[in-house]
Structures are given as C-alpha cells and as structure tokens.
1. What FRET efficiency would be calculated for the residue pair Ile46, Arg109, taking the C-beta separation as r and a Förster radius of 22 Å, to the nearest 0.05?
2. Give the order of Ser84, Ser94, Ser107 when sorted by the count of other beta carbons within 10 angstrom, beginning with the fewest.
Amino acid sequence: MDHTRKNISALAVAVAATSLILGAGMAHADTTTDPSYRQDDGPTCIGTNPNIIDLPFTIKVTAYQNELRSHHNRLQVTTTMLGSVNAPYTVDLSMRATNTRTRATVSARLTTRVDKIGFLTPFYSGAYLDDQPYDGYIHPGVGPVDITVVAQPHGRVPVGPVTCRVHTVVV
C-alpha cells in the first residue's frame with residue numbers, strides 16, 4: 001500500500017473515532033433515581049490541535065448541580081477534552097461564570113494536560129475548575145448563570161484559543 005492510501009486510511013480511522021467519541025457523550029449521574037441532580041451540557045467546541053497532525057482539539061463544558069437544600073447555590077463546572085494520538089500537550093483554561101440576574105462573577109484558572117491515548121485507554125482528559133477556597137464547587141449565586149471557558153492549547157506549534165460556553169440556572 002502506498003503512502004497516500006495509508007494516510008487516507010489513517011485519516012478515515014481518526015474521523016470515525018472522533019465522530020464516535022463526540023456522539024457518545026459521558027453519563028455522569030442517573031437522574032432517574034436522583035431527581036435533585038441536574039446537568040447542563042454546552043456544545044462540543046473544536047479547534048486546532050497543537051500537534052497539527054492529530055485529532056482536532058475539542059472541549060466540552062458541563063455544569064452540574066445537586067438541588068438538595070443542603071447543597072443550595074453550589075455548582076460544579078467540568079471540561080472534557082478529546083485525547084491526543086501523537087503526543088500529550090498542555091492546555092491553559094480560564095473560566096468565568098456570570099450570574100446574569102445579579103452580575104456577580106466567579107473566575108478560575110487552571111493548566112491541565114491532554115494525554116496521549118491508546119486503543120485501550122479513555123479518549124478524554126478531564127479537568128475541574130474550582131473556586132477558592134477549594135471545596136469542589138463555584139458559587140455564582142442563585143439565578144441564571146452564563147459560563148465561558150477559554151482554552152489555550154500549547155504544543156509543537158502555536159494555535160489559537162477555543163472559547164466554549166454553557167448556560168445553567170442555579171437554584
């Protein structure tokens with residue numbers, strides 16, 4: 001098989017794997033047995049991988065809240081990123097959550113690593129953005145909240161940032 005056919009075959013496998021991964025999503029809770037738990041998913045945002053010849057850089061932002069009275073006004077924000085085929089790389093994340101009713105804002109910064117994937121390892125890298133003092137949650141106040149995450153991948157070549165958003169309501 002010549003190099004062109006090998007490259008086309010490898011690209012087809014990468015596109016199929018990406019479609020499968022992006023379409024599958026991740027289940028985080030059984031909401032049928034816990035009606036107080038809710039999650040809001042943003043779209044999958046796509047950018048250029050800093051390794052260039054690799055799967056595209058993708059990021060998805062999800063907001064989770066347990067609506068039990070004991071967990072009032074606590075929101076967890078996570079990001080999920082597609083793994084790398086060629087080499088790991090780092091990503092600087094900055095998050096800003098704005099309560100659109102009160103205009104209160106919460107910000108956080110994090111540097112994380114997107115790991116190299118193999119055929120038997122998960123196709124994602126997870127990162128958690130947290131407020132200070134650390135308790136695993138942010139506290140933007142009760143009401144509608146817009147969350148924006150800007151992800152800047154760093155690898156072999158410079159690439160532009162990717163901005164991803166999700167909207168939720170804190171109760």
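1. Efficiency for this residue pair is about 0.50.
2. Ser107, Ser94, Ser84
Throughout, read-outs are computed from the coordinates displayed, never taken from laboratory work. Every value quoted in this text rests on a predicted model; they were computed, and no experiment measured them. Cβ sites come from the backbone with ideal geometry, for glycine too, and all protein chains shown count toward neighbours.
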